[in-house]
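The block underneath contains the structure these notes are about, expressed in structure tokens.
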Amino acid sequence: MRIYPFIIEIFQIAIVLILAPIFIGWIRMLKCWFQGRTSAGLFQPLRDIMKLFYKDVVLAENASWIFRFTPYLVFAVTVLAGGIIPILSVDLPLSATADVIALIALFAIARFFIALAGMDIGTAFGGMGSSREMMIASLAEPAMLMAIFTVSLVSKSTSLSQIVQTITHAEFILRPSMAFAILAFILITIAETGRIPVDNPATHLELTMIHEAMILEYSGRHLALIEWAGMMKLFLFTSIGIASFFPWGIAAVDNLFQLPAAIIFMAVKFCIVGIVLVLIELGLAKMRIFRVPEFLGSAFLFASLGMISYFILE
Amino acid sequence: MSQFESVLFSIILLLSTLAIIPLFIRRQKLLIYVTFSLTGISSIFAVLGGLWTVSGRVNQSIILPIGLPDLPIHLRLDPLSGFFLTVIGLLSFFVSIYSIGYIKAFVGKRSVTHLVIFYCIFLMGMFSVVLSDDAFSFLISWEVMAAASYFLVMFEDERTENRRAGFLYLVVAHVGAIAILLSFGIMAGAATGFKGFSGYTFDAMRQTEFSVGWAAAAFLLAFFGFAAKAGVIPLHIWLPEAHPVAPSNVSALMSGVMLKTAIYGIIRVTFDLIGDFPWWWGAVVLIFGLITALMGILYAIMQQDIKRLLAYSSVENIGVILIGIGLAMIFTSFEMPLLSALALTAALYHTLNHAMFKGLLFMGAGAVLHATKERNMEKMGGLIHKMPWTAALFLVGCVSISALPPFNGFVSEWLTFQAFLLSPSLPSPLLNLLIPLGATLVALTAALAAACFVKAFGVTFLGHWRGHHSPHIHEVDWFMRSGMILTAISCLVLGVAPTLVINWIDVLPEQLIGDRIAASAGEFGWLWLTPIAHERASYSGPIVLIVVLAVLLLAYILLHVRKSAIHRAPLWDCGFEKVTNRMQYNATSFSMPIRRIFGFLFSIKEQVLKGGKGGTLHYHLKVRDRFWGWLYMPVADISFYVARKIGRLQQGRIQAYLIYSFITIIVLLVFFR
């Protein structure tokens, strides 16, 4: 049995845990710069999480075990997803645990339980958030599957490690199908991770909240776990995108020397993704909830165009 | 004891149970204990026989010298019937345990004797449907099953809705049965060239090469007939009426396994009896499956009655199973046996899974109904505090049906997706473009199912009680709990050990299609599921379960090293101070966004009325199935119209009737001398 993949695995999970808040910090910093404000620094989200861990928990009187169990489950599921996606190397022992479809289902577990926790307290806000979140998630799903379908047409696989290997080893070709799939994937990522224009992670305005409405009653370590998992979710969705569209630089099997280069490649890619995301968020306002179907409909359209162009052009 | 003896013993045990029921009529409690333990035992024998038949690849047939003269009853036990025997037997075993607790609640209120009698007959009918090896005994068993379930639906017949539902069920079941009868008639006729009756055995049909036209006619009739039983849209209309009003243990059996006999029928007729078919048959099944799955779940989300919601969700799951069968048929007709085996395995796996989680959910709904005397979710809420066991078990069912790993629903959905993802290798460009769109509809369905069951669990068990006065609610007894616990455990086991199950099912695709997936699916041991090849896709339920539990525990322990207090506080009311339980999101408001987006598929009447003193507002919402107006009302109107016209023949005078007979005789003499 080789020890090396297990070390990489643990190293990667540690990187996900630490870099996810820093990535959020980077996005917030960029946003501040673009808006001419002073930023709180790259490490502020990390400090926020640490602070929350030391605070006491205040629970609503009616909260059941679902409410207390959810943060741990959401965190655990997200960490598992972080161990599956090839971020630094394709040589991960956990990578065969789930292909992309199962990976999306792992995020669905987290969403399912957060939605239940939102309904557990019995406030109108929680139910509102759950109802809207499940609506958006159901509309995002077909587009997501179509994007996966298009990607799997090229690499004949839905396993992310395999996709990375196929793309990096093949000759570089500009594929129109992949271009459409990237567009679709960006729109889906925005919807799934609750960024502007679908949801605003910074709002606590009653009628516009979606994700925040569900977790409104959380505090202390529970809130810390949920926030941390949320940050990891954005990080991991970005990683899925990088692995399926821009995998160059991810270390191959049994190649320890590629690892430092892989880290640098990853950092550069994430910096660029951050800039793109901030530009999107700055250019758009949050849309009405019933405009979201159109938004996700266009994601579905892009993905379908990708699939069709594969059959017609490639 | 051989497999066949075990299965026959189980049927004989049911018959003898029927025989001893009269002894206990006066002692109803004892009657319940005795009969449900006996049906439980007979279900175990059916399961054992079925399990062993599939794993031992048995193919035995016997001829019983009973029945009409020259038409003896043929029975056959092959892996296909063994598989369905296992599914039916397993759920009936769990439900029989549950029933002891559930039916006891009726004692003292009404006689349960006829419920118990028809329960036994119902089980017997289902067992013999899958055993029959000729058209004659198949249809008799089919009718026994339908009639018994009709009487079970009518158990509480003082309510109008029950009688209405029972009538509707009877009508649709018989329209379906006629279609099945005609289909068998065509096949039996084609087998003998329309001479004599010897073609009525399935063996004769199997050995016949049907002409294209007759085969298509037989298939379409059989599909129509079985679709009526399975609740395929647009023939689903009876299902959400009949399943909710039956006693919950019966609803669990009807939704969980009775619908599956129709799936059995479709597989038996297409893959076994006809055997050779063009691809468009598969496309028909696939398209109906897609419509059924999507519309079924959309209707389910709109419901406020928890049992109606579950019934509509059964419609959805039947759709998912048909999608797998349709894909398998398309792959078979293009001679891609490996992919076809994958799709068929997905369909069969989903059949087994749906039996388990839908059984569990109906039993859970029955427990809620038992405790609260309420089916309307708008009035429920907060039951997790008073019924912790039921809540946790119902949650397992919800997680399974929402296709979340590591539970069982996910495995079969995932296999279905894998079959879809392999469709680009089909040699038809049209199908290459259209089948992926089908895959996205399945994705939409699965996601909507999650939304639907967040609603079902969240509104029923979480939050506060929404009704005006809260009744005394208690947890259900241990019989009901253990029935549900066993079902929940099988949901988890089927999700964590898919390779073992696939290994067991594998003989079915091997015999029906000629290829198997277990060799590749279990290539890396029981831990990894790799349906076609490990480069293609892989999934490991056990690892998901173990890693998630490990991280969860680790996080929990690390966060509890330092003692920190948990304060309980009233919930944040935004300074409003008058938050009441009626302000929670309820079943109607939860589904509002989806209702608005997909509203064009329903006929929705929404009214806000101002009335009463103090300007109180009343909100009325009526969401109806569009198919009532589109399909059923016209058919009902036409049949009433035709009946009225024909009714004119009935003069009520003996002379007129004598003239009718006279004319008939003359006509017969002229044409059939």
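The values are calculated or read from the model by the stated rules, or taken from the named source; none is laboratory data. Being a predicted model, the structure only gives us computed values, none of them experimental. A quick note on method: Cβ atoms are made from the backbone with ideal geometry, for glycine too, and the neighbour counts reach across all protein chains shown. Only protein heavy atoms, including side chains, enter the accessible area calculation; ligands, DNA and RNA are left aside. Shrake-Rupley method; radii C 1.70, N 1.55, O 1.52, S 1.80 Å.
Values for this structure:
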item	result
P(r) weight above 19 Å for segment A:30-163, C-alpha pairs, percent	67 percent
Reduction of at least 40 Å² in accessible surface, 1.4 Å probe, comparing all protein chains with the chain by itself, residues of segment A:263-296	A:Phe290
Stretchable slack from B:Ile646 to B:Arg596, in nm (0.36 nm times residue separation minus alpha-carbon distance)	13.5 nm
A:Glu61-B:Ser661 pseudo-label distance in nm [points 7 Å out on the Cα-to-Cβ vector]	8.2 nm
Other protein chain Cβ atoms within 10 Å, averaged over every residue that makes up B:386-399	1
Gyration tensor over alpha-carbon atoms, segment B:468-529, equivalent ellipsoid semi-axes in Å	41, 13, 10
Set of lysines with alpha-carbon distance to B:Lys260 below 20 Å, sequence-local pairs under 8 removed	B:Lys229, B:Lys307, B:Lys358
Segment A:68-90 and segment B:53-72: distance between their alpha carbon centers, rounded to Å	54 Å
Extension gain (nm, one decimal) between B:Gln207 and B:His468, 0.36 nm per residue minus Cα-Cα	87.4 nm
For segment B:535-566, residues shielded by at least 50 square angstrom of accessible area compared with the chain on its own, probe 1.4 Å	B:Glu535, B:Arg536, B:Ser538, B:Val548, B:Val551, B:Leu552, B:Leu559, B:Arg562, B:Ile566
Sparsely packed chymotrypsin sites (Phe, Trp or Tyr not before Pro) within segment A:246-314, loop by DSSP, other Cβ within 10 Å at most 15	A:Trp248, A:Phe257
Mean-position separation - Cα centroids, segment B:317-342 and segment A:198-260, in angstrom	37 Å
Carbon and sulfur %, accessible surface of the protein assembly as shown computed with the full protein complex present, 1.4 Å	69 percent
Accessible area buried, both sides summed, chains B and A with 1.4 Å probe, Å²	6700 Å²
Estimated vicinal HN-Hα couplings, Hz - segment A:154-162 in sequence order (Karplus 6.51, -1.76, 1.60; Gly, Pro = x)	6, 9, 6, 7, 10, 7, 4, 4, 5
Reference-scaled alpha-carbon Rg (2.2 N^0.38 Å with N residues) for segment B:598-673	2.28
GluC sites (Glu not before Pro) within segment B:154-237, DSSP loop, no more than 11 other Cβ atoms inside 10 Å	B:Glu158, B:Glu209
Helical mean residue ellipticity (222 nm; -39500 (n - 2.57) per DSSP H run of 4+; nearest 500) of the protein assembly as shown	-22500 deg cm²/dmol
Computed E for B:Lys622/B:Lys563 - FRET, C-beta separation, R0 60 angstrom, nearest 0.05	0.65
Segment A:4-313: relative contact order in percent, alpha carbon pairs under 8 Å with at least 6 residues between	29 percent
Principal axis box of segment B:93-186, alpha-carbon based, largest edge first, Å	51, 31, 18
Candidate residues B:Arg164, A:Arg111: accessible-area rank, largest first, probe 1.4 Å	B:Arg164, A:Arg111
Under-5 Å amide H pairs with A:Leu59, H placed in peptide plane, nonlocal only	B:His567, B:Arg568, B:Ala569
List of segment B:448-469 residues, accessible area with partners at least 50 Å² below that of the chain alone (1.4 Å probe)	B:Val454, B:Leu462
In Å, descending, principal axis extents of the Cα set of segment A:207-314	49, 46, 23
B:Glu523 long-range amide H proximity, modeled H, under 5 Å	B:Thr530
Estimated distance in nm for a label pair at A:Ile263 and B:Arg110, the labels positioned 7 Å out from Cα along Cα-to-Cβ	7.3 nm
Burial order of peptide ranges B:236-248, B:71-83 (average beta-carbon count within 10 Å, highest first)	B:236-248, B:71-83
Ratio Rg/Rh [Cα only; Rh per Kirkwood] for the protein assembly as shown	0.99
Solvent-accessible area per residue for the protein assembly as shown (1.4 angstrom probe, square angstrom)	38 Å²
Cα pair count fraction exceeding 14 Å, expressed as % - segment A:142-183	47 percent
18 Å reach of a label modelled at B:Tyr33, 7 Å along Cα-to-Cβ, counting backbone N of segment B:76-108	B:96-108
Cα-only Debye scattering, chain B: base-10 log of I(q)/I(0) at q = 0.08 Å⁻¹	-0.63
Estimated Rh, segment A:146-248: Kirkwood, alpha-carbon pairs, angstrom	15.5 Å
Lysine pairs meeting the criterion (Cα under 25 Å, 8 or more apart or interchain), as found in segment B:598-673	4
Convex hull (Cα only) mean projected area of segment B:568-626, reported in nm² to one decimal	6.4 nm²
Binned Cα-Cα distance frequencies in segment A:4-313 - 10 Å width, integer %	6, 26, 36, 24, 7, 1, 0
Value of relative contact order over chain B, rounded to a whole percent, pairs C-alpha under 8 Å and six or more apart	11 percent
Exercise: per-residue mean of other protein chain Cβ atoms within 10 Å, A:92-98	5
Placed amide H near B:Asp305: partners under 5 Å, 5+ positions off or other chain	B:Met377
